[in-house]
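Q: One structure, as structure tokens, below. Some questions next.
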Amino acid sequence: MDVYLVGGAVRDQLLGLPVAERDWVVVGAEPATLLAQGYRQVGKDFPVYLNPHTKEEYALARTERKTGPLHTDFECNADPSVTLEQDLFRRDLTINAIAQDKNGELIDPYGGQEDLRNKVLRHVSPAFAEDPLRVLRIARFAARFPDFTIAENTKSLMCDMVNANQLQSLSPERIYLETEKALSTDNPHRYFEILIEVNAHDALWTEFDSKDLVRLKNWAADNNPLHAFIVLASSLAQDDVDRITSRWKFPGIYQALTALTIRIRNQQVDDLGAEEIVSNLYEMDAFRRRERFEEACRLARMVEEAEGKTLAPQDPWLTYIAEAAEITAASVDHQLSGAAIGQAIRSAQIERIEQLK
């Protein structure tokens with residue numbers, strides 16, 4: 001059997017980027033061959049195996065044929081007669097269809113190296129259209145490699161897939177995972193821009209508009225997908241945030257932290273009295289979940305900076321929570337008990353905030 005390094009590892013190596021993980025293709029072998037060598041099968045639908053020593057994935061060379069509308073509706077052929085070129089033919093982009101043999105020689109039957117040099121994202125074959133997730137995947141690559149352009153025939157194919165309503169067959173979980181990867185890049189706005197260009201935006205993100213993308217573009221990205229989402233969604237109504245996070249199965253922290261950040265942004269803290277400030281701190285659970293509250297305060301300032309606003313040197317909310325949190329049960333009359341202790345703490349906090357204003 002012959003083993004080849006394939007996909008992103010070869011691409012990133014050629015681009016001079018760190019290689020995060022390595023995937024391998026095995027040509028001329030049967031499952032029994034790998035199992036006899038201690039490999040463990042991990043793919044239920046595809047013949048993928050874990051190397052017992054490196055834990056890296058080794059997949060038998062295969063061809064696929066679409067049999068239905070769902071992403072799982074594929075017929076897989078992993079016969080030992082399948083060639084490396086046939087396996088590479090089913091991949092999404094030419095830059096991901098380059099293989100490397102054990103001697104370091106490159107096998108590039110579809111022009112991936114030339115497209116790397118020219119910085120072009122180009123589909124390998126018409127089989128690209130068989131998986132609608134590739135529309136999102138190309139948009140995500142555009143975010144990761146912002147100086148690459150999408151080949152016109154590839155963009156046209158993406159539009160055809162969108163217009164044929166193929167995105168409707170994608171599960172929310174797949175859409176979320178691809179979006180999370182895009183939000184983790186240095187240029188997450190590009191992901192949404194490309195989806196707009198191929199008419200996919202309305203099927204996925206109707207709540208966002210051009211102002212949201214400008215803010216995301218101006219943000220100093222920190223590769224944290226949660227932060228990127230909050231910057232993008234921070235001007236939405238709470239109902240819109242709830243719909244997006246529910247529709248695409250975002251983890252609960254996305255909804256909760258975005259909602260808190262929006263509330264902090266919308267509060268005109270300078271116009272609030274001391275009692276209102278303390279009430280807000282309790283309503284926002286700032287004492288019990290202080291770390292989350294302070295993160296939301298920092299994110300709110302991050303959003304304001306992305307909008308080009310001039311900020312005060314110190315966030316008043318951070319000042320208020322720091323001062324109010326110093327008042328504890330030990331700070332009030334020890335003879336008090338029950339609810340009276342909480343009332344005394346709250347009164348002392350109001351008094352402390354009053355002194356700061």
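Q: Residues that are over 29 Å from the mean Cα position of the chain (by Cα) and of a type in the set (Asp, Glu): list the helices (runs of 4 or more DSSP H) wholly contained in segment 224-326 that include at least 1 such residues.
A: Qualifying helices (runs of 4 or more DSSP H): 274-283, 316-324.
Q: Shifting gears a bit: When the residues of segment 36-62 are narrowed to those that are modelled with pLDDT of 90 or more and of a type in the set (Phe, Trp, Tyr), which ends up farthest from ARG174 (Cα to Cα)?
A: TYR39
Per-residue answers, yes or no, for (1) of a type outside the set (S, T, N, Q); (2) within 29 Å of the chain's Cα centre (by Cα); (3) crowded, with 18+ Cβ neighbours inside 10 Å:
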{"site": "ASN96", "(1), (2), (3)": "no, yes, yes"}
{"site": "ASP115", "(1), (2), (3)": "yes, yes, yes"}
{"site": "LEU121", "(1), (2), (3)": "yes, yes, yes"}
{"site": "THR149", "(1), (2), (3)": "no, yes, no"}
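Q: Next question. With the structure loaded, tell me whether ASP285 is surrounded by fewer than 14 Cβ atoms within 10 Å (Cβ to Cβ), within 26 Å of GLU351 (Cβ to Cβ) and in contact (Cβ under 8 Å) with a residue 12 or more places away in the chain or whether it fails that test.
A: No, not satisfied.
Q: Output the qualifying pairs, or none if there are none: Cβ atoms under 6 angstrom, residues six or more apart or on different chains, first residue in segment 219-236 and free of Cβ contacts under 8 Å to residues at least 60 places away in the same chain, second residue in a loop (DSSP other than H, G, I, E, B) and of a type in the set (D, E, K, R).
A: The qualifying pairs are ALA221/ASP186; LEU236/GLU207.
Q: Let me confirm something: among ASP12, ASP2, ASP23, which residue is under 16 Å from ILE95 (Cβ atoms), surrounded by fewer than 20 Cβ atoms within 10 Å (Cβ to Cβ) and in contact with a Gly (Cβ under 7 Å, 6 or more places away or on another chain)?
A: Working: ASP12 fails: in contact with a Gly (Cβ under 7 Å, 6 or more places away or on another chain); ASP2 fails: under 16 Å from ILE95 (Cβ atoms).
After applying the criteria, what remains is ASP23.
Q: In segment 78-95, which residue that is outside any helix (DSSP H, G or I) and hydroxyl-bearing (Ser, Thr, Tyr) is modelled with the lowest pLDDT?
A: Filtering segment 78-95 down to residues outside any helix (DSSP H, G or I) leaves 78-83, 90-93.
Imposing the further condition that a residue be hydroxyl-bearing (Ser, Thr, Tyr) reduces the set to 81, 83.
Details: SER81: 94, THR83: 97.
Here the answer is SER81.
Q: Take segment 63-77 and flag every residue that is within 17 Å of LEU133 (Cβ to Cβ) and either at pLDDT 95 or above or of a type in the set (Val, Ile, Thr) (or both).
A: Across segment 63-77, the qualifying residues are THR67, THR72.
Q: Could you tell me which numbered condition ASN103 fails, if it satisfies all but one of (1) among the polar types (S, T, N, Q); (2) closer than 30 Å to VAL120 by Cβ; (3) surrounded by 12 or more Cβ atoms within 10 Å (Cβ to Cβ)?
A: Among (1) among the polar types (S, T, N, Q); (2) closer than 30 Å to VAL120 by Cβ; (3) surrounded by 12 or more Cβ atoms within 10 Å (Cβ to Cβ), the lone unmet condition for ASN103 is (3).
Q: Might you let me know whether segment 94-103 holds any residue that is in contact (Cβ under 8 Å) with a residue 24 or more places away in the chain, under 24 Å from VAL135 (Cβ atoms) and of a type in the set (Gly, Ala, Ser)? Explain how you work it out, then say what you get.
A: In the first step, residues of segment 94-103 are kept if they are in contact (Cβ under 8 Å) with a residue 24 or more places away in the chain; the result is 94-102.
Subset that is under 24 Å from VAL135 (Cβ atoms): 94-98.
Now narrow it down to the ones that are of a type in the set (Gly, Ala, Ser): 97.
There is at least one residue in segment 94-103 that is in contact (Cβ under 8 Å) with a residue 24 or more places away in the chain, under 24 Å from VAL135 (Cβ atoms) and of a type in the set (Gly, Ala, Ser).
Q: Of all residues in segment 1-59, how many are among the charged types (D, E, K, R), in contact (Cβ under 8 Å) with a residue 40 or more places away in the chain, outside any strand (DSSP E or B) and within 28 Å of ASP115 (Cβ to Cβ)? Show your work before the answer.
A: Our first condition is that a residue be among the charged types (D, E, K, R); within segment 1-59, this holds for 2, 11-12, 21-23, 30, 40, 44-45, 55-57.
Checking which are in contact (Cβ under 8 Å) with a residue 40 or more places away in the chain leaves us with 2, 11, 30.
After this cut, where a residue has to be outside any strand (DSSP E or B) as well, the list is 11, 30.
Pick out the ones that are also within 28 Å of ASP115 (Cβ to Cβ) and you get 11.
Of the residues in that region, 1 qualify.
Q: Among residues belonging to segment 194-211 that are touching a residue at least 24 places away in the same chain (Cβ under 8 Å) and in a helix (DSSP H, G or I), point out the one that is surrounded by the fewest Cβ atoms within 10 Å (Cβ to Cβ).
A: Here the answer is LYS211.
Q: Looking at segment 32-67 only, could you name the residues that are among the aliphatic types (A, V, I, L, M) and farther than 20 Å from ARG91 by Cβ?
A: ALA32, LEU34, LEU35, ALA36, LEU50, listed by residue number.
Q: Kindly evaluate LYS249 against the criterion of being of a type in the set (Lys, Arg), more than 21 Å from PHE141 (Cα to Cα) and at pLDDT 95 or above.
A: yes
Q: Then there is this: What are the residues in segment 14-49 that are more than 21 Å from ASN96 (Cα to Cα) and among the hydrophobic types (A, V, I, L, M, F, W, C), if any?
A: Those that are more than 21 Å from ASN96 (Cα to Cα) and among the hydrophobic types (A, V, I, L, M, F, W, C): ALA29, ALA32, LEU34, LEU35, ALA36, VAL42.
The values are calculated or read from the model by the stated rules, or taken from the named source; none is laboratory data. On a predicted model such as this, the values are computed, not experimentally measured, just so you know. Note: ideal-geometry Cβ built from the backbone for every residue, glycine included; neighbour counts use all protein chains shown.
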